[in-house]
Every structure is written in C-alpha cells, then in structure tokens.
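J.: Dropping a structure here in structure tokens format, bear with me for questions.
The values are calculated or read from the model by the stated rules, or taken from the named source; none is laboratory data. Small disclaimer: the values here were computed from a predicted structure and weren't measured. Counting neighbours? That spans all protein chains shown, and the Cβs are built from the backbone with ideal geometry, glycine included. When the accessible area is computed, the model is the full protein with side chains, heavy atoms only, and any ligands, DNA or RNA have been set aside. Shrake-Rupley method; radii C 1.70, N 1.55, O 1.52, S 1.80 Å.
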2 protein chains.
Amino acid sequence: MMEQIADILKKNQLSITEGRKKILNMFLNSPGALAHADIEKNTDASFDRVTVYRTLQTFVEKGIIHNIPTTDNSILYALCKDNCEAGHHHDNHVHFICDVCDKTICLENVIIPEVRLPKGFTQKQTDVVISGICNKCK
Amino acid sequence: MMEQIADILKKNQLSITEGRKKILNMFLNSPGALAHADIEKNTDASFDRVTVYRTLQTFVEKGIIHNIPTTDNSILYALCKDNCEAGHHHDNHVHFICDVCDKTICLENVIIPEVRLPKGFTQKQTDVVISGICNKCK
DNA sequence: TATTTTTTGCAACATTGGTGCAAAAATGTA
DNA sequence: TACATTTTTGCACCAATGTTGCAAAAAATA
Ligand SMILES: [Mn+2]
Ligand SMILES: [Mn+2]
Ligand SMILES: [Zn+2]
Ligand SMILES: [Zn+2]
C-alpha cells in the first residue's frame with residue numbers, strides 16, 4: 001500500500017512527503033468523496049491547513065483527484081479512477097449524494113448519458129449529481 | 001411588472017418589502033443565474049449583506065428560486081420556472097455554464113435524461129451541469 | 001390610527017480559502 | 001555519506017463568504 005502511494009506520487013513527478021502520503025492514503029481508503037474538512041479532521045492537525053489546501057490543489061492539477069459539484073458551497077474531492085492526466089480529466093461517471101449518511105460516492109459504472117443541447121452550444125464537460133438514499137442506508 | 005412581483009410575493013405569503021421586490025426583479029430580468037455577489041453589486045449597497053443572504057434563503061425555501069451546483073465553491077441561484085412549491089422543487093432542466101462569458105443559464109427545454117442506478121440506490125433528485133461555450137459566445 | 005408581526009441593519013463572530021516569505025525537508029550529485 | 005539545489009511546509013496575515021442575536025424600523029392586521 002505504502003509502495004503504491006509512493007509510485008503514484010513519483011509517476012506524477014511529485015516529491016514524496018509525509019503530508020502527501022497521508023492525504024493520498026486517505027483517498028485510497030475512503031469509499032466516498034472527501035472535503036477539506038474531512039481531511040483536516042483525520043490528520044490530527046499534524047499538518048497546517050495551508051498544506052492541505054495546497055496538496056489538494058496539486059492533486060487536482062496532476063489528475064490524481066477530481067472535484068464534485070455541490071449546491072451547498074462545499075468542494076468535494078474523489079480519486080480519479082479513470083486515466084486522468086495532468087490538466088486533463090476524463091472522469092465521466094455519475095456522482096451520488098446520500099441524503100441520510102450525507103456521503104458522496106463515485107458511481108464508476110454509471111456512465112453519464114448523452115444530452116442534446118440547442119443549436120449554438122458547445123459541450124465540453126457534463127456533470128451529473130444524483131441525490132437520494134444510498135445502498136448502505138436502505 | 002411591479003404588479004407581477006408583488007403577486008409572486010403575496011402568493012408565497014411574504015411581506016412586500018423594497019429589498020425583496022428589487023431582488024426578485026433582478027431575477028425576472030436576468031437571462032442567467034445570479035450569485036450573491038452579483039446581487040450585491042447591482043443593488044448599490046442599498047441593502048445590508050445580511051438582508052440579501054436572508055432574502056435568497058427565503059426565496060429558495062418558498063420555491064421562487066432554486067440553486068445550481070458548481071465545482072468552484074459558489075452558490076448560484078435562478079428563477080424556478082416550473083411550478084415549484086415551498087419545500088418542494090420540481091426543476092428538471094439542464095444547467096449550462098459558459099467557459100467564456102462565465103454565465104450560467106437554465107436550459108428549460110433540455111430535460112434531464114433518465115439514469116439507471118445500481119440496485120439499492122433510491123433516486124430523489126438529479127442535477128445535470130454542462131460546461132462549454134454558449135450560443136452567444138460562439 | 002393603534003397594535004401586532006415581520007423584516008431589516010448592525011455588530012460581532014466563524015469558516016473557508018489564499019499569499020509571501022523564511023525555515024525545513026526532499027531530491028540530485030559527488 | 002555529505003553537500004548543493006530544488007521543492008515543500010509552516011507561520012503570520014489577509015480577504016471573502018456566510019451566520020447569529022438583538023434592537024430599530026417597516027409592513028401587515030385590526
Ligand atoms: Mn467521481
Ligand atoms: Mn435552473
Ligand atoms: Zn447513505
Ligand atoms: Zn458565454
């Protein structure tokens with residue numbers, strides 16, 4: 001596991017540091033998406049807030065994690081399981097937010113449907129976020 | 001126009017105040033979604049920030065406006081054109097964010113496609129946000 | 001008009017996120 | 001390993017965003 005983490009960092013030309021290892025490890029072990037606050041909570045304040053912010057930014061830029069839209073003014077991050085690269089994400093799966101446990105999970109197998117837009121619109125990225133009750137809560 | 005505004009407020013059992021009239025008017029005249037900041041900018045600081053926050057909250061609760069998910073930690077609001085009621089929104093249209101002009105618009109005519117979820121998941125609401133280039137920018 | 005109810009503005013606070021810069025850690029080389 | 005170079009981190013400080021309690025003001029009701 002710790003090997004896999006170092007590999008991911010190396011592959012993305014990132015220095016291997018305690019903070020990055022710990023945060024990447026959290027993502028690898030989390031079934032759902034994580035917010036900045038979740039990460040800070042689980043690191044026992046061993047890292048500065050700023051470091052967490054910068055690590056998340058870096059990971060998004062490198063295509064290690066992607067973010068998920070929400071209506072409640074929070075940013076959620078989840079591991080990219082597709083072959084995302086630096087500066088170019090290829091995540092095309094549906095995201096699910098459970099109203100009960102409040103977890104957000106990537107439904108890797110549920111592919112975003114095609115949507116036909118009116119004339120004149122060019123489509124770059126489509127995000128689908130579905131809320132309801134997850135398979136663990138019911 | 002000013003009649004229509006008063007009617008909407010009355011129908012929702014809201015007191016008719018300057019602030020509410022002005023903000024509702026902004027939504028009725030805006031082609032796209034509005035953020036809190038847009039509203040503050042356009043009201044010449046004639047209202048307190050807190051009043052704007054509270055007005056937006058109230059409008060969402062009453063089903064006059066709905067909010068739109070974003071990945072950048074901002075909350076966007078747009079008029080409900082379907083028959084949304086207090087505590088129960090029925091908006092089922094696609095939202096489009098233009099990468100050029102940065103405007104977000106409701107594509108009232110583009111209906112959210114059906115998405116089949118894995119066993120065990122119950123679907124309540126589906127949000128589709130598409131980004132790209134809008135019909136005015138290209 | 002007078003009374004009651006609702007809304008507003010203010011002050012104060014909390015949370016979230018960003019920047020510059022020096023110290024510390026990681027990397028590359030000998 | 002030791003040293004030089006590059007990268008990352010922590011700190012202090014700042015800015016934007018959003019919330020709450022409460023008294024004053026405005027709106028609705030009688
Ligand atoms: Mn995802
Ligand atoms: Mn809309
Ligand atoms: Zn759940
Ligand atoms: Zn545009």
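J.: Please state the shape class of the protein assembly as shown: rounded when a/c is under 1.5, otherwise prolate if a/b exceeds b/c and oblate if not, all from the C-alpha gyration tensor.
T.: In terms of gyration-tensor shape, prolate.
J.: Label-point separation (nm) for A:K138 and A:T51, each offset 7 Å from Cα along Cα-to-Cβ?
T.: Distance between label points: 4.2 nm.
J.: To one decimal in nm, how far is A:M26 from the same spot in the other copies, if labels go 7 Å from Cα toward Cβ? Please give the shortest first.
T.: 3.5
J.: Another question, then. Can you sort A:I133, A:I64 by solvent-accessible area, 1.4 Å probe, largest first?
T.: Working: A:I133 40, A:I64 10 Å².
Ranked list, largest accessible area first: A:I133, A:I64.
J.: Rounded to the nearest Å, what's the spacing between the alpha carbon centres of the stretch A:78-138 and the stretch B:62-113? Just the number, please.
T.: Rounded to whole Å, the Cα centres lie 17 Å apart.
J.: Note the distances from A:Q57 to each other copy's matching label point, with points 7 Å along the Cα-to-beta-carbon direction, in nm, sorted shortest first.
T.: Here the equivalent label points are 3.1 nm apart from this one.
J.: Between A:K11 and B:T43, how high is the FRET efficiency from 1/(1 + (r/R0)^6) when r is the Cβ-Cβ distance and R₀ = 51 Å? Nearest 0.05. Please list the in-between numbers first.
T.: Values: r = 50 Å, r/R0 = 0.99.
Computed FRET efficiency for A:K11 and B:T43 comes out at 0.50.
J.: What percentages, rounded to whole numbers, describe P(r) for the stretch B:2-132 computed over all alpha carbon pairs with 5 Å bin width beginning at zero?
T.: 2, 9, 19, 21, 20, 14, 8, 4, 2, 1, 0
J.: Sticking with this one: So what J values fall out for the stretch B:112-129 if you push phi through Karplus, 6.51 cos²θ - 1.76 cosθ + 1.60 with θ = phi - 60°, rounded to Hz, Gly and Pro as x?
T.: 4, x, 6, 10, 8, 9, x, 4, x, 9, 10, 9, 9, 9, 10, 10, 10, 10
J.: Chain pair A, B: how much accessible area is buried, both chains summed, with a 1.4 Å probe, in Å² to 100?
T.: Chains A and B together bury approximately 3000 Å².
J.: Let me ask something else about it. So what is the 222 nm mean residue ellipticity for chain B from helices alone, if each DSSP H run of at least 4 adds -39500 (n - 2.57) and you divide by all residues, rounding to the nearest 500 deg cm²/dmol?
T.: The per-residue figure over chain B is -9500 deg cm²/dmol.
J.: Then there is this: How far, in nm to one decimal, is A:C137 from itself in the other copies if the label point is set 7 angstrom along Cα toward Cβ? Shortest first, please.
T.: Once sorted, the set of distances for A:C137 reads 3.4 nm.
J.: Turning to a different aspect of this structure: At 1.4 Å probe radius, can you tell me the per residue accessible area of the protein assembly as shown in Å²? Numbers along the way, then the final one.
T.: Details: 15620 Å² over 276 residues.
On a per-residue basis, the protein assembly as shown sits at 57 Å².
J.: Going toward the positive end of the dipole of the protein assembly as shown, with +1 on Lys and Arg Cβ and -1 on Asp and Glu Cβ, which of A:T70, B:T70, A:H88 do you reach last?
T.: Toward the positive end, the furthest listed residue is A:H88.
J.: I'd like the Karplus ³J(HN,Hα) series for the stretch A:29-43: coefficients 6.51, -1.76, 1.60, θ = phi - 60°, whole numbers in Hz, and an x wherever there's a Gly or Pro.
T.: 9, 8, x, x, 6, 10, 9, 3, 4, 4, 5, 4, 4, 7, 10
J.: Does the stretch B:38-100 classify as rounded, prolate or oblate by the C-alpha gyration tensor (a ≥ b ≥ c root eigenvalues; a/c under 1.5 gives rounded; else a/b over b/c gives prolate, otherwise oblate)?
T.: oblate
J.: When chain A is modelled as a GNM with alpha-carbon springs shorter than 10 Å, which of A:T51, A:T126, A:T71 fluctuates the most?
T.: A:T71
J.: What's the average, rounded to a whole number, of partner chain beta-carbon atoms within 10 Å of each residue's beta-carbon in A:65-77?
T.: Mean number of neighbouring Cβ atoms from other chains: 4.
J.: In the stretch B:122-138, what residues drop by 40 Å² or more of accessible area when the other protein chains are put back, versus the chain on its own? Use 1.4 Å, and skip ligands and nucleic acids.
T.: At a threshold of 40 Å² (probe 1.4 Å), the residues of the stretch B:122-138 that become less exposed are B:T122, B:K124, B:Q125, B:D127, B:V129, B:I130, B:S131, B:I133, B:N135.
J.: Which trypsin sites (Lys or Arg not before Pro) from the stretch B:1-81 combine a DSSP loop assignment with at most 13 other Cβ atoms within 10 Å?
T.: Here the trypsin sites (Lys or Arg not before Pro) that fit, given the DSSP loop and packing criteria, are B:K81.
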